[in-house]
1. Can you pull out every residue in the stretch 409-428 that is of a type in the set (A, V, I, L, M, F, W, C), assigned to a helix (DSSP H, G or I) and more than 14 Å from Gly498 (Cα to Cα)?
2. Taking the options Val41, Val137, name whichever one is assigned by TED's automatic domain parsing to the domain that holds Asn380, touching a Lys or Arg at 6+ places or on another chain (Cβ under 6 Å), at pLDDT below 85 and part of a helix (DSSP H, G or I).
3. What number goes with the only condition from (1) surrounded by fewer than 14 Cβ atoms within 10 Å (Cβ to Cβ); (2) touching a Lys or Arg at 6+ places or on another chain (Cβ under 6 Å) that Gln104 does not pass?
4. Looking at Ser411, Ser463 in this structure, which one is within 18 Å of Val383 (Cα to Cα) and either touching a residue at least 24 places away in the same chain (Cβ under 8 Å) or within 22 Å of the chain's Cα centre (by Cα) (or both)?
5. Of the conditions (1) buried (at least 21 other Cβ atoms within 10 Å of the Cβ); (2) without any contact (Cβ under 8 Å) to a residue 60 or more places away in the chain, Tyr235 fails just one. Which one is it?
6. Output the residues belonging to the stretch 89-134 that are in a helix (DSSP H, G or I) and in contact with a Cys (Cβ under 6 Å, 6 or more places away or on another chain).
7. So in the stretch 186-212, with the set limited to residues that are touching a helix residue (DSSP H, G or I) at 6+ places or on another chain (Cβ under 6 Å) and surrounded by fewer than 21 Cβ atoms within 10 Å (Cβ to Cβ), which one is nearest to Val258 (Cα to Cα)?
8. Quick check on Asp521: is it among the acidic types (Asp, Glu), farther than 20 Å from Ser405 by Cβ and either surrounded by 24 or more Cβ atoms within 10 Å (Cβ to Cβ) or in contact with a Lys or Arg (Cβ under 8 Å, 6 or more places away or on another chain) (or both)?
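The values are calculated or read from the model by the stated rules, or taken from the named source; none is laboratory data. Everything numeric here is computed off the predicted structure, so don't read it as measured data. Here the Cβ positions follow ideal geometry from the backbone for every residue, glycine too, while neighbour counts run over all protein chains shown.
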Amino acid sequence: MVDDLDEHIESYCKQWRHVILLLIMTSTPGIFNAMQISSYVFIVDRPSYWCDIPELQLVRWNDNMILNVSAPSQKKHSDKIEECTYYNRSYSEFAKKGYNWSMQHLDNASLIPCKYFNYNTKESVTTEWNLVCNNEVLKSSVQAALALGKFVGGFFFGLLSDKYGRKYAFNIAAFIYIVSGPSAALFNSYSLFLAARFFIGIAGAGVYQTAYTISTELTTGKTRTWVCLLLNFSYPTGYVLLAVTAYYIRPWRSLLLVISLPLLFMIINCWYLSESPKWLMSQGKKKLAWATMSKLNPSATYAEAEISVLPDVKNEKLKIGRGMFKEWLSTFTSMFSTCDMCAKTTIAYICSFVVGLAYYVIALNGDNFTANRYIYVALNGIVEGIAYVATIPLLLYVGRKLATSGLFFASGILLIVLLVIPKENTDVIITLALLGKFCVSAVFSISLLYISEMYPTSIRNTSLGTSLTVAQIGAIAAPYVVEILGAQAWYIPSTVCGLLSIFVSILILLLPETKGTKLPDTLDDMKISSPVSFTNFCKF
């Protein structure tokens, strides 16, 4: 019966009207995800700042006058002021006596940390909550909160989707997205803002990975390859749309609101997106699987389909309140049930971590490269789109394994080469970084498909979801790598990613090729699949 279902899914794929509608329904979450993720570049600015003196502001001293009496110069750069400390002087007396008198009575005062700050721009999260100096790590936490949410969401919705259905998980994630997106733009508390970003990450992971899995399971052969690659175009589309939007809308709250309100349109996805018939079949719901298939492709006839009323799923949903963790744990541990499964999962997780780290380090590293942020984000989107186009002939004629390993190796070399480029050659640095992003984006696209094809239907979304979850560990680390290590030397973030990419390119050669193979449906099918082996080094 499973083979018959595959035949009807293939028939469904031949009707391009259905495939295009499926692609639209599953790609919109990626557009929203890309805009929310990269919004960090625009809402968390790196402005010029200095210690503010309220007593002098009250008597209307201008910024230069305040700096002349309060700000020390940096030891290495006499023309630059210290941003986090100021002289401990009697500024209330300065306010009474005036500027000229104050300049003649400057004493050798000690330095103390800033209590208040002034900025050359006041339209970012940084200036809203003074995320500078000792609080600078909180700036990276804005992006880390979203990445942590994607970490939790990937794990939670992966398991939820495999146990209770792709559509059920998608609808819950979409509801969280619709609520948390606009909320982030409205909260006045930094803690609540971080909480909203966290839930945006949870929801973003849920809608994307379930939509991706539905696309994988409702397509076959070359159609699956094309659909999954085109699905990834949602991310570069989102990057370009964000760069254009951010150029015209500078206040950070307004920007977040403009990119979040369209999330309401996801109600349409919730209504029209279908459950996966392959998942229904894997759960033993044969009649419902055929009923769903008949709605997707009404022109086909199904000898096995005894269309019946949809079963009452209330009892199944009640399981969420009791014993669900045990079911999740059972599904998750099945990914490590044999030595071969354990090896495949370990390699998949390492691959996902490095992709997540390199992808976001390059995307967020524009300021370290001294690039125009609007142009840099737009170029990231364009390069990523070109990368997805380039992966099509690779997947059709080369295969998953060689393409993934080769792209990892190429990105590693490109990022390490940055070490020998002088920082003044900004154009060369940005070009090499974008070429590295090209390879990382391409390998991200291919690795998602590669991972989804290695696992059976019964745990496919869990494997994809947990792999994306591990990728978020890299995404969580990325802003800290960019902000903290990048402050030590601009080339450290790219060098770290380059070395890790070369290591993973070698590790992937242990995996078997999945191109042209039939997707496994159960764990028993994995027993006859090609194992991880050193002999695979020579098999492509």
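1. Result: Val428, single match.
2. Unique residue meeting the criteria: Val41.
3. The one condition Gln104 does not meet is (2).
4. Ser411
5. Just one mismatch for Tyr235, condition (2).
6. Cys133
7. The qualifying residue nearest to Val258 (Cα to Cα) is Phe187.
8. Against the criterion (among the acidic types (Asp, Glu), farther than 20 Å from Ser405 by Cβ and either surrounded by 24 or more Cβ atoms within 10 Å (Cβ to Cβ) or in contact with a Lys or Arg (Cβ under 8 Å, 6 or more places away or on another chain) (or both)), Asp521 qualifies.
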